[in-house]
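Asker: For reference, the structure I am asking about is given below.
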Amino acid sequence: MYLLIIALPLVGTLVTGLGGRWIGRKGSNLFSTTCVVLCVFFSSIAFFEVGLCGVPCYISLSPWISSGALNISWGFLFDSLTTTMLVVITSISSLVHLYSIQYMEHDPHCPRFMSFLEIFTFFMILLVTADNFVQMFLGWEGVGLASYLLINFWYTRLCANQAAIKALVVNRVGDFGLSLGIFTIFYLFGSVDYEIVFSSANIYTNYSISFCGFSINTLTLIGIFLLIGAVGKSAQLGLHTWLPDAMEGPTPVSALIHAATMVTAGVFLIVRCSPLIDLSSDVLLLITLLGSSTAFFASIVGVFQNDIKRVIAYSTCSQLGYMVFVCGLSYYNVGMFHLVNHAFFKALLFLSAGSVIHALSNEQDMRRMGSLANSLPITYAAMLIGSLSLAGFPFLTGFYSKDLIIEITQISYYSNLQISFGVYACWLANISVLFTSFYTFRLIFLTFIKNTNSYRKHIENIHESPPLILIPLILLAISSIFVGFLTKDIFVGIGTPFWGNAINILPTSCNLLEVEFMPSLIKWLPFVLSSMGAILAYTINVGVLKNNIQFAHNHLFRKLAFSLSKKLYWDKLYNSFIVSPLMYFGYNISFKNLDRGFIEFVGPYGISRTIKNWSTKVIKIQTGQLTHYTFFVIFGLCSLLLLVPVWDFLQFLVDVRLLVFCFIALFVA
């Protein structure tokens, strides 16, 4: 059963991709969706056996790599962390498959699209079930490849080409850091198996590496390399630029990438490597700083975006920041709880946005929407539930995890580990709540409530989406209401044994029991900030200030708004300081001076050209006179006899037969 969870998506992608021409669109849709739905069923059984009953499963198939001290086998680890990820991945993927049947019905390449979705699911499952770092890295790279194929699915569009290449190149930075981390792990531990590395990590706490006169703690260096990999895949500040541009792919792709699969791989890596990361306080501080900065940056940039999918994409980036910085506070179980909850309401938001785009003939600008609540009642209800869950409305799924994270930041600075950055994370997290609520309700008001700005031909054709699009929305809406309440005690309940040894939590970190007894005023703070954001969004977009926004004409505000709408010029800075200098170096230095200059001059092309020029000069001495030929023969013989004293030395340097051949060829040519 456990191996079927891994094998079914692979079988689905092979059959759908290679046999799509014969089984057709309907056959591809049916077969691929069936494979993933079966994976949901088996993953649920695995979650019950492993997570709820506490019986981990280890499977070793066969040897893979054996070279000296490096021995790697094909093995799979099913613990509570793995089975939780499997339920999330397979359930979201199955709903996306079902949604895509209707959404992509008019696309002539539907079998190829389904095959790409399947291979994406397969590599993500391979990533989370691996029992060693190399096999995990295989799934990690496979997810990056599949994301490139999906983002670039409509490959005739230039924007899709650029977005796919950007996602691939930016993720290569993180992949390079992760590969260095794996090399360092093997250098220190002599193995890449999770079991060996995590169980012996405490022995190497005082080991260090000397580099350029500096002594660096080895576990700290490993943690930094792993963090670089997580930053690239989970789109944290600095390597976040690929995430909003990934919206160029079809909407089901956006839901799959941003909800349960690719972007959560970095968070999963941090949680999986918690026994290593917890041994370095410097890495924990760096994770906290980076995650909280990402949450704040993405939330404030999302306020000034007008593309409905980009707004949701920046909210994904912000929520990933929450997951990361709570892991930096050593609450990995809370980070996983928010990851599970976020997967459902974020998939709901993206698929609801796809339903709106489908109804408006591919219109994505919120300023050209409006007054859709009556025309699209089910989509409106689904989008409203997802938005309320994202904003942390009480008793919805997002409320239980998001408010818990913010409450943890309120007391984190009392911990001996997080003295200064706990306060930093606390302030940024609370400010992010306000902006998150603002852009969430701004999306609702501009899309469904405010007077319409759509074209008349679009308004006349507006209709509710077909059943295969609405069924995933209804199921995700139900999940966005109840999943947080149903799983709260299992994942983060006081004394819950669910995670077992799958997650390591610092004993010095403040106990979750303290959160239960915080003052009520502090507990209500996130709700108050969310309400303020919603009221502010209503006032500006629908209420009294919609036609009287004098502050928008302020010079300073206009400059700030324009900068934030341009994402604070991160792409411009990268192009100016990294991309352009590298392109200049590649063309003018590497290509023109080295490749076309020095290397061609002393390389095969230069030598052949030199010999050709010499040969044209040697031809001139072929006069046809016998006396001249006799002179050259005698001259060559005498030259060879002059080399006799250094014959042994020449044999040591080069094969003399080759030298004689070249010498004769020079005079005979």
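Asker: Among (1) in contact with a Phe, Trp or Tyr (Cβ under 7 Å, 6 or more places away or on another chain); (2) crowded, with 24+ Cβ neighbours inside 10 Å, where does ALA313 come up short?
Answerer: The number of the failed condition is (1).
Asker: Right, here's the next one. If you go through the range 234-247 one residue at a time, do you hit one that is crowded, with 21+ Cβ neighbours inside 10 Å and of a type in the set (Val, Ile, Thr)?
Answerer: So far as the range 234-247 goes, no, none of its residues is crowded, with 21+ Cβ neighbours inside 10 Å and of a type in the set (Val, Ile, Thr).
Asker: Report whether or not GLY266 is in a helix (DSSP H, G or I), in contact with a Cys (Cβ under 9 Å, 6 or more places away or on another chain) and small (Gly, Ala, Ser).
Answerer: Answer is no for this residue.
Asker: Hey, ASN161 hits all of (1) more than 30 Å from VAL579 (Cβ to Cβ); (2) under 26 Å from the mean Cα position of the chain (by Cα) but one; which does it fall short on?
Answerer: In the conditions (1) more than 30 Å from VAL579 (Cβ to Cβ); (2) under 26 Å from the mean Cα position of the chain (by Cα), ASN161 misses (1) alone.
Asker: Additional query: Within the range 28-48, is even one residue over 24 Å from ASN333 (Cα atoms), surrounded by fewer than 21 Cβ atoms within 10 Å (Cβ to Cβ) and polar (S, T, N, Q)?
Answerer: Yes, because at least one residue in the range 28-48 is over 24 Å from ASN333 (Cα atoms), surrounded by fewer than 21 Cβ atoms within 10 Å (Cβ to Cβ) and polar (S, T, N, Q).
Asker: Let me ask you something else. Quick one: in the range 89-142, which of the residues that are among the β-branched types (Val, Ile, Thr) and surrounded by fewer than 24 Cβ atoms within 10 Å (Cβ to Cβ) is nearest to SER66 (Cα to Cα)?
Answerer: VAL134
Asker: Kindly evaluate SER44 against the criterion of being assigned to a helix (DSSP H, G or I) and under 30 Å from VAL356 (Cβ atoms).
Answerer: The answer is no for SER44.
Asker: Is it true that GLY68 is of a type outside the set (Lys, Arg), at positive phi and either out of contact with any helix residue (DSSP H, G or I) (no Cβ under 6 Å at 6 or more places or on another chain) or free of Cβ contacts under 8 Å to residues at least 24 places away in the same chain (or both)?
Answerer: On the way: of a type outside the set (Lys, Arg): yes; at positive phi: yes; either out of contact with any helix residue (DSSP H, G or I) (no Cβ under 6 Å at 6 or more places or on another chain) or free of Cβ contacts under 8 Å to residues at least 24 places away in the same chain (or both): yes.
The answer is yes for GLY68.
Asker: Looking only at the range 218-263, which residues are touching a residue at least 60 places away in the same chain (Cβ under 8 Å), among the small types (Gly, Ala, Ser) and farther than 16 Å from GLN364 by Cα?
Answerer: Once the filter is applied, which keeps residues that are touching a residue at least 60 places away in the same chain (Cβ under 8 Å), among the small types (Gly, Ala, Ser) and farther than 16 Å from GLN364 by Cα, the range 218-263 yields GLY223, GLY229, ALA230, GLY232, SER234, ALA235, ALA259, ALA260.
Asker: Which condition breaks for SER115 when tested against (1) within 28 Å of GLY19 (Cβ to Cβ); (2) out of contact with any Phe, Trp or Tyr (no Cβ under 7 Å at 6 or more places or on another chain); (3) without any contact (Cβ under 8 Å) to a residue 40 or more places away in the chain?
Answerer: Failed condition: (3).
Asker: With (1) more than 26 Å from ASP489 (Cβ to Cβ); (2) without any contact (Cβ under 8 Å) to a residue 60 or more places away in the chain; (3) touching a Cys at 6+ places or on another chain (Cβ under 8 Å) as the list, and TYR2 as the residue in question, which single condition is left unmet?
Answerer: (2)
Asker: Where in the range 510-564 are the helices (runs of 4 or more DSSP H), entirely inside, with at least 1 residues that are basic (Lys, Arg) and modelled with pLDDT of 75 or more?
Answerer: Hits in the range 510-564: 520-523.
The values are calculated or read from the model by the stated rules, or taken from the named source; none is laboratory data. This structure is a prediction, so every number in the text was calculated from the model and none was measured. All Cβ positions, glycine included, derive from the backbone under ideal geometry; neighbour counts span all protein chains shown.
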